[in-house]
Structures are given as C-alpha cells and as structure tokens.
Amino acid sequence: RLRSASSCGSPAVAAMAPRWAAAALPSAALLLLPLLLAVASAGLSGYFGTKSRYEEVNPHLLRDPLSLGPAAAGSRLPAACAPLQLRALLRHGTRYPTAGQIRRLGELHARLLRRPAAAAAGCPAAADLAAWQMWYEESLDGRLAPQGRRDMEHLARRLAARFPALFAARRRLVLASSSKHRCLQSGAAFRRGLGPSLSLGSDEVEVEVNDSLMRFFDHCAKFVALVEENDTAMCQVNAFKEGPEMRKVLEKVASALCLPVEELNADLVQVAFLACSYELAIKNVTSPWCSLFSEEDAKVLEYLNDLKQYWKRGYGYDINSRSSCILFQDIFQHLDKAVEESKSSKPISSPLIVQVGHAETLQPLLALMGFFKDDEPLKANNYVRQMHRKFRSGRIVPYAANLVFVLYHCDQVKTSKEEYQVQMLLNEKMMFFHHSNETISTYADLKDYYKDILENCHFKEECALPKVNITAVDEL
C-alpha cells in the first residue's frame, strides 16, 4: 500500500520598472539598477516556488554576491574543532523553461496576437503582452542560463571562503552530477568558481555522472508507477486548480486580457505567472507578464506549486521520501569513512564531495529527515489555514539550493563521543537538529536519531512494486 498523508476531499499589480529608469540614473546609481529592478518585482518574487531566485532566501546577495551574510557570523565552532569533510548537495542554478512550458507560453502569447485590433484597444495589459517578444525557443529546454553559471561560481567562492581549510590547494574534490545538461554545466561552473589558486590537485576535475544518487526517483519503480505516472496521486493539486481561489485568479487574468474565461485554465495562468518568474531570474527584469498578478494572486499560485511539490516530492506519500534513503545512507557512509580515517590518523580520502542534482533530489531527502513538516497536510481545501505553513518550496529549494553536511574533529572534549561533531546548512544557513534543537550535534547522536532510516530503509525493497496489479493510489 502507498501511504498518503491524506485522502482527496472535495475541493496588487506588480510595479513595472519605468523604461526611462536606466537613462535617468546617474552613473553611480547604475550599479544599483539590479536592486531597483528586483524591488519592482518584490510583491511577487517571494512566491515563485521552485522557480525562485536564490537571492529570495539570501537577500544580501543582491548587494554583494560574494558576501557570506549575517548568518555566517554566529555559526562558528570552538577553535578546537577542525573540519574533516564537507558533503554538499546542490540544486542546479537558474535555468531556462522546459520545452513544455515554452510551448504553453507560446500558445497563450499566440492567442493574444490573434485578437482583433479593436478588441485589443480597450485592453492595455493584452496590448503590452502582444508587443512582448516571445524569445524562448524549445531548444532551450531547461538548460542552464548564464545566471545559473554565476549562481554556481559565486556559491563555490562563498563556500571556499567559509571553509578555507577544506578548500585549500591540493585537497581532493569529488564532483558528481545528474546526467541532465543543466546539472553537468552547474558542476563545471562550481569548479570554475574555485579558480586557479584553488587547484585541488588538478585544474580539470572530472564531473562524474551518478543518476542512481542524484535522480534516485527515476530508478524507484514504486514511485514512478504510483506517483509520477498516476494522475490520481495529484488529486489535491487538480482539485485546487478547480477550486474557488484559483477560479478567482482565473477570472481576474481573463478580465485583464479581455479574454473569455473559457479560453483560460489553471495551467495557462500558471505559465503566465512562471513567465514573470523566469524573466526576473534569467534577465533580472520585471516582465509585462507580472502586471497580470497581485500579491494575493501570487500566494494562490505559490500554493498550487507547493501542493504539487508536497504530493509529488514531499510528505504526501511515504514513497516520495523513502526513495531518497539510498542518498541519505551514502552521505553517512562517507561520513563514517572520514571518522574511521581520522581515528586511524590517516589523511581524509574525500574531504570535499560536491554533488549536483535537482529540487526533486533535495526535497525528498529533507522530508526523509523530517524538516519543514506541517501539523496538517497541504490540501486543496485548507489554503487559508496553510498561509503560515513551513512547507514553502521557494524557501527550501530555490535555484542553486544547497544542503551541506560538515563533519568536524574536536580536541579538548570531555567525552570521546564529543570528538566528532556535525553541522548542517541549508542555503548557507545553519539548520537546527530535531533531536537537540541545536545547530551542532555529536556525530554519534545524529546517527542514533536516524538509526531506523540508516538500518531499515532499503531502496530496493522500498521501491519494489506490489505483487498485485494496482492502478490507483491507495487511500485517496
């Protein structure tokens, strides 16, 4: 049986950046232009879900992309602790839309272009969007954007500045990636960000393709059959698309475009909202598509995105997170090896392990570890009650999201158990461990807390399809 969190039940316009802004600004102020443009989209930019810029979770990077930020100041360990190993799981950087999203945006844009001139005259929003150039081509299909390369290069430099002992010259870097082009390119950009002064033994570090860890979800037959390819599993998402909150947004967008509401649906409205997000993330401009939405609309559309993430990658079904135990166990196997090598006074064979995957890699892993879990499941009919939910995908897995485990060896400790300690960072901010509510844990306590997953979560068994022929998700 595929256990679910719940069964299915019944179900301000963003300011446009003035066109004269760059010309009217004094030259010194041009340096602040990206910040001014970001402010123009500020009413919406916090609600783009998995299409959010990394700067939404670390706003200080808008001013200085190499700044470690205020969170780094209070996170230092005692001087007697030295880092032994860093394991970083990264989501790829900012990417272009997928071919499917580009097709849907093209369909919507084509409808506006086909409108009679007389009808368009009384519809300024539609006229602005008809004049917008559809520059996306299907060949871009989710590839890494130039901004995505910068995301990775800057992240590499910040991590190197924060952990200089681990990123010192001639330290070995193990770099792995999903087979997707955007991940391979992100891995290469991360390596470039370390620069020639951090040779790590070689200027050319090979990026190993490892889909079994970075795309474990593709290799989990139970997940693929019962969630990924099963429309019934997304019943909460589909119900919300037809619900009163989305209906209100749909009618408003149809009115702004002077289109019959029957010509729009939730998917087309969502792709218009994503066009706003892509223009900001890729080009750092406020798109005319943003003018269709208020902040309240953005909250509704964020919830639609979060519902999908929750039911497909988060707490909706057990298999979503259980399928990630192969990655979770691999992390601890390498930490174990580093501890053993340290105890034997051997050099740490893998002090730096950096792996590049997807939002779909990180989200299930964080769910497996119990982070960002709300008391009540996200459902189609509890939008208002979930306004202050923990599960907000844009805060958890924006572009360039990163989950980092750092293992330390500490001298001058009272007990042998305290000799090896661990910190976890999500998007460069310290995480509080569940078992201690502290930002540092002994390695022994951490392993003990996750003992059941480490010992009893077996990927092959978890992902095996039931013997009986199941065509729908149980308990929906």
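The values are calculated or read from the model by the stated rules, or taken from the named source; none is laboratory data. In this text, all values refer to a predicted model and were calculated from it rather than measured experimentally. Virtual Cβ from ideal backbone geometry, glycine too; neighbours counted across all protein chains shown. Quick note on the areas: whole protein, heavy atoms, side chains included, nothing else; ligands and nucleic acids left out. Shrake-Rupley method; radii C 1.70, N 1.55, O 1.52, S 1.80 Å.
A simple count of charges around residue 411, restricted to other residues whose Cβ falls under 11 Å of its Cβ and scoring Lys, Arg +1 and Asp, Glu -1, yields -2. Out of 68, 328, 122, whose Cα points farthest toward the positive end of the dipole of the chain (charges: +1 Lys, Arg; -1 Asp, Glu; placed on Cβ)? Value computed over the given set: 68.
The Cys residues in the chain with no partner Cys Cβ within less than 4.7 Å of their Cβ are 183. Among the listed pairs 51/312; 51/299; 308/379; 51/248, those with a Cα-Cα distance over 19 Å are 51/248.
In whole percent, and with a 1.4 Å probe on the protein chains, what portion of the accessible area of the stretch 168-292 is carbon and sulfur? Intermediate values should be presented prior to the final figure.
Values: 2440 of 5130 Å².
Result for the stretch 168-292: 48 percent of the exposed heavy-atom area is carbon or sulfur.
Checking every one of the chymotrypsin sites (Phe, Trp or Tyr not before Pro) in the stretch 384-452 against DSSP loop status and a limit of 15 other Cβ atoms within 10 Å picks out 432. Per-residue packing, averaged as other Cβ atoms within 10 Å, sorts the ranges 51-64, 317-330 into the order 317-330, 51-64, beginning with the highest.
Scalar couplings 3J(HN,Hα) for the stretch 308-313, obtained by applying the Karplus form with A = 6.51, B = -1.76, C = 1.60 to θ = phi - 60°, are 4, 5, 5, 7, 9, 10 Hz; x denotes Gly and Pro.
Answer rounded, prolate or oblate for the chain, using the Cα gyration tensor with square roots of eigenvalues a ≥ b ≥ c: rounded when a/c is under 1.5, else prolate when a/b is larger than b/c, else oblate. Verdict is oblate for the chain. Sequence-distant contacts, meaning Cα pairs under 8 Å at least 6 residues apart, place the relative contact order of the stretch 394-445 at 33 percent.
For a Förster distance of 30 Å, can you work out the FRET efficiency between the beta-carbons of residue 411 and residue 66, rounded to the nearest 0.05? Given R0 = 30 Å and the Cβ-Cβ separation, E is 0.45. Since only 357, 166, 442 are under comparison, the one whose Cα sits farthest along the positive direction of the charge dipole of the chain, derived from C-beta charges on Lys, Arg, Asp and Glu, is 166. Given the C-alpha centroids of the stretch 211-278 and the stretch 292-311, what is the distance between them in whole angstrom? Cα centres, the stretch 211-278 to the stretch 292-311: 10 Å.
Considering only protein heavy atoms and a probe of 1.4 Å, how much of the accessible area of the stretch 343-423 is carbon and sulfur, as a whole percent?
Details: 1470 of 3240 Å².
The computed percentage sits at 45.
Rounded to the nearest 20, the size of the Cβ-charge dipole of the stretch 258-297 about its Cα centre is 260 debye, with Lys and Arg at +1 and Asp and Glu at -1. Does a label point 7 Å from the Cα of residue 143, set along Cα-to-beta-carbon, have any residues of the stretch 82-103 with amide nitrogen under 20 Å, and which are they? Within reach of a label on residue 143, which here means backbone N under 20 Å from a point 7 Å along Cα→Cβ, the stretch 82-103 contributes 92-103.
Okay, helix-only estimate at 222 nm for the chain: each DSSP H run of n ≥ 4 adds -39500 (n - 2.57), divide by all residues, round to 500 deg cm²/dmol; what do you get? So the helix-based figure for the chain works out to -11000 deg cm²/dmol. Annotation for the stretch 390-427 versus the stretch 324-354: alpha-carbon center distance of 14 Å.
Using the Karplus relation 6.51 cos²θ - 1.76 cosθ + 1.60 with θ = phi - 60°, the per-residue 3J(HN,Hα) values for the stretch 97-105 come to x, 6, 4, x, 5, 5, 4, 5, 5 Hz, with x marking Gly and Pro.
Just how large is the dipole of the chain about the Cα centre, in debye to the nearest 20, putting +1 at every Lys and Arg Cβ and -1 at every Asp and Glu Cβ?
Details: 57 positive and 53 negative charges, 156 e Å.
Computed about the Cα centre, the dipole is about 760 debye.
Ranking 257, 246, 292 by Cα position along the charge dipole of the stretch 216-305, where only Lys, Arg, Asp and Glu carry charges on their C-beta atoms, puts 292 farthest toward the positive end. To make sure I understand the rule: partners must be aspartates and glutamates, Cα under 15 Å from the Cα of residue 180, and not fewer than 8 residues away in the same chain. Which ones qualify? Cα-Cα hits under 15 Å: 141, 208, 211, 218, 360. If the segment from residue 448 to residue 161 were pulled out straight at 0.36 nm per residue, it would be longer than the present Cα-Cα gap by 100.2 nm.
Computed from backbone phi with θ = phi - 60° and the Karplus coefficients 6.51, -1.76 and 1.60, the 3J(HN,Hα) list for the stretch 332-337 is 6, 5, 6, 5, 4, 5 Hz; x is used for glycine and proline.
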